[in-house]
Amino acid sequence: ITAPADITIECTDDTSSANTGVATGSDTCGNVTITESDVETAACGNTKTIVRTWTVTDECGNSVSADQTITVQDTTPPTITAPADITIECTDDTSSANTGVATGSDTCGNVTITESDVETAACGNTKTIVRTWTVTDECGNSVSADQTITVVDTTAPTFNETLPSDITVECDAVPTAETLTASDNCGDATVTLNETTTDGTCDNEYTLTRTWTAADACGNETVHTQIITVQDTTAPTFNETLPADVTVECDTVPTAETLTASDNCGTATVTLNESTTAGTCDNEYTLTRTWTATDACGNETIHSQTITVQDTTAPTFNETLPSDITVECDAVPTAETLTASDNCGSVNVVFVEEITNGACMGDYIIERTWTTTDACGNDSIHIQIITVQDTMAPTLVNSLDENMTVACDDIPDVPNLVFEDACSNNISVSFNEDSIQANDFEDYEIIRYWTVIDDCGNEAIFTQSINVEISNVINAFDANRCVLDSEFDLFDLLSGDFDMSGTWSVTSGNATIDGSLFDPSSVEVGMYTFLYSITEGSCPTEVEVNVTIDDDCVVLACGEDDVVISKTVTANGDNINDVFEITGVEDCDFVIELQIFNRWGAEIYKNNNYQNDWNGDAHGSSVGSSGKVPTGTYYYIINLRNSGLKPFAGPIYVATDK
């Protein structure tokens, strides 16, 4: 008899032998019958232990029995539905009778529901209550959920006194602000006063806004505003003796006197304005000075003085005059600002610039002319000649990755480069691309050239070098098969990241294949070589595998389904998944041959007699340096020598401190 293995199932699972397994039996002298009987021991909730006794009886009445223990457990926590979060006023009932009660259920029995509160004080008499509800089943499994009860105060305070009304007063009769107090239904209240002034149509006519704000501890506010309108209607007067009209020379014009004024409702300001009436020439004119005394409300008192001015002298330039120069097109100097003086007053300088084009856009001549004329028509002229030339080539505006290394199936498109020239928008760009690719299986280089010429024939060349690496990395391994073995897929002998749309062919031995399928029973004993070729696409490659066919065929006691391979290695010293293990075939006399590769196909570990002791070390002869490998995904190839099984290949996640 072979009884099913002991098993642990959930209380909702089927306990029949259809789900938990059926015993098998045999007899050397005939057929057998198999029967079962159960003994149940109840546990918590709907859980229990079933001892299932299997009996195998032969045709002569001989029998043998074996027990299977079925443990029915409850590891599933119950479900819970907490009341929704709620916001209530500070005067409301905070108990669950008002705020809601949680509900819960369990798939394997009854539940109990409990609650506990954690309170956090907030403003005034408000707070936040986090009510934790817990649902527990009969086997001790539990689940919790929180309900947040927010106790708030949304009622604003009220003022205690009669509130001041809006009024209109004179600027010297503004009343003192009243002191107000307030009360709140949920605690204390404070009153603050803020005053703002809004200008009116004049400085002394304005609006004074007084705002009293009553606020409770939670920021609820009641606001009262009083508007006080302030007026001013009185005009100012001058304080000094007013200046009389005079006639003077242009270089003896007297300084304007400083006049002041007074106002009955505050200060007054005096502004001076001068206007000129031209005579027979610009520097012979009439100067009118007007003093205006203005109070805060715009009332004015005006006094005017007339000064008759004469002039007969011409102006001269003040600065050293700019000389003729030759410059690059992007270094043309800004025109200098020249001024001129006249003994009888100020003069203006008029600047004019003329451009004469040359043979190309960046070659031209600038003629700058400064003319200064005095008020009576006397003038002086200076001319500067600037010869502009373009000897600089265009430049690149955007960035260009000049040296790149890419995979053969990821060659970037030609970038859209933008060029500029300091002196021209007429730029000629030509593009050329060279490749040093020798064949389809070796890395090569692509060189891109951009030749840029501006309107004046200045030339620049920009290059980009792209190193192209062949991808489709394939790891191949040889295999042994028996002449009695069934057909298998040659792709089982490859691993790595590669395109599976290539072609298989026979390169050695009298054999035939169906696509990637090879039947060992169709050939003689010997070694056969197969070639996998990828010829389509931008990354061609090829690899060979050897299959040795022998007639040493044995019936295996250990099969492929018995092999257990680690999925994860966590080499952190916690004695859990510390090493990469191959188990389930310990009694099969197999020799384990192990290879481990990184994601780029480089071998980082190899052992032809593996003893379940690899913990993430990279041997010194592998790619990289010895020590712990970095955390990441790796790939294994396992060959069980003497097993007759095909090699195993797959991923393994390794976590180290590196």
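Out of curiosity, is Ser430 among the small types (Gly, Ala, Ser), more than 30 Å from Ala359 (Cα to Cα) and touching a Phe, Trp or Tyr at 6+ places or on another chain (Cβ under 9 Å)? Spell out how you get there, then give the answer.
Details: among the small types (Gly, Ala, Ser): yes; more than 30 Å from Ala359 (Cα to Cα): no; touching a Phe, Trp or Tyr at 6+ places or on another chain (Cβ under 9 Å): yes.
No.
Identification of strands (runs of 3 or more DSSP E) wholly contained in region 125-227 with 3 or more residues that are hydrophobic (A, V, I, L, M, F, W, C) yields 127-137, 142-152, 189-202, 205-216.
In this structure, is Ile88 in a strand (DSSP E or B), of a type in the set (Val, Ile, Thr), closer than 24 Å to Glu138 by Cβ and open to solvent by less than 80 Å² (accessible area, probe 1.4 Å)? Break it down into steps so the answer makes sense when it comes.
Working: in a strand (DSSP E or B): yes; of a type in the set (Val, Ile, Thr): yes; closer than 24 Å to Glu138 by Cβ: no; open to solvent by less than 80 Å² (accessible area, probe 1.4 Å): yes.
Considered against the rule, which asks whether it is in a strand (DSSP E or B), of a type in the set (Val, Ile, Thr), closer than 24 Å to Glu138 by Cβ and open to solvent by less than 80 Å² (accessible area, probe 1.4 Å), Ile88 comes out as no.
Filtering Tyr528, Tyr610 for residues that are over 47 Å from the mean Cα position of the chain (by Cα), among the aromatic types (Phe, Trp, Tyr) and on the phi < 0 side of the Ramachandran plot leaves a single hit, Tyr528. Considering (1) at pLDDT 95 or above; (2) over 30 Å from Asp153 (Cβ atoms); (3) surrounded by 17 or more Cβ atoms within 10 Å (Cβ to Cβ); (4) not charged (D, E, K, R), the lone condition that Thr33 does not fulfil carries the number (3). Going through (1) open to solvent by 80 Å² or more (accessible area, probe 1.4 Å); (2) not in a strand (DSSP E or B) one by one, Val118 falls short only on (2). Considering only residues of region 493-505 that are open to solvent by less than 50 Å² (accessible area, probe 1.4 Å) and modelled with pLDDT of 90 or more, which is farthest from Val468 (Cα to Cα)? Selected residue: Ser505. Considering region 322-366, the residues that are polar (S, T, N, Q) and part of a loop (DSSP other than H, G, I, E, B) include one that is surrounded by the fewest Cβ atoms within 10 Å (Cβ to Cβ), namely Thr334.
Asp410 meets the conditions (1) farther than 30 Å from Val468 by Cα; (2) open to solvent by 40 Å² or more (accessible area, probe 1.4 Å); (3) assigned to a loop (DSSP other than H, G, I, E, B) in every case but one. The failed one is (1). Tallying residues that are open to solvent by less than 60 Å² (accessible area, probe 1.4 Å) and among the acidic types (Asp, Glu) within region 130-189 yields 3. Considering region 381-398, the residues that are in a strand (DSSP E or B) and open to solvent by 50 Å² or more (accessible area, probe 1.4 Å) include one that is nearest to Asp455 (Cα to Cα), namely Gln389. Scanning region 19-74 for residues that are assigned to a strand (DSSP E or B) and of a type in the set (A, V, I, L, M, F, W, C) yields Val32, Ile34, Val39, Ala42, Ile50, Val51, Trp54, Val56, Val64, Ala66, Ile70, Val72. With respect to (1) over 27 Å from Ser341 (Cα atoms); (2) exposed (fewer than 14 other Cβ atoms within 10 Å of the Cβ), the lone exception for Leu272 is condition (1). The residue that is modelled with the lowest pLDDT, among those in region 535-547 that are open to solvent by less than 50 Å² (accessible area, probe 1.4 Å) and within 22 Å of Gly509 (Cβ to Cβ), is Val543.
When Val397 is tested against (1) within 30 Å of Cys250 (Cα to Cα); (2) in contact with an Asp or Glu (Cβ under 9 Å, 6 or more places away or on another chain), exactly one condition is not met: (1).
The values are calculated or read from the model by the stated rules, or taken from the named source; none is laboratory data. These numbers were taken from a predicted model, which means no experiment stands behind them. Don't worry about glycine lacking a Cβ; one is built from the backbone with ideal geometry, like all the others, and counts go over all protein chains shown. Quick note on the areas: whole protein, heavy atoms, side chains included, nothing else; ligands and nucleic acids left out. Shrake-Rupley method; radii C 1.70, N 1.55, O 1.52, S 1.80 Å.
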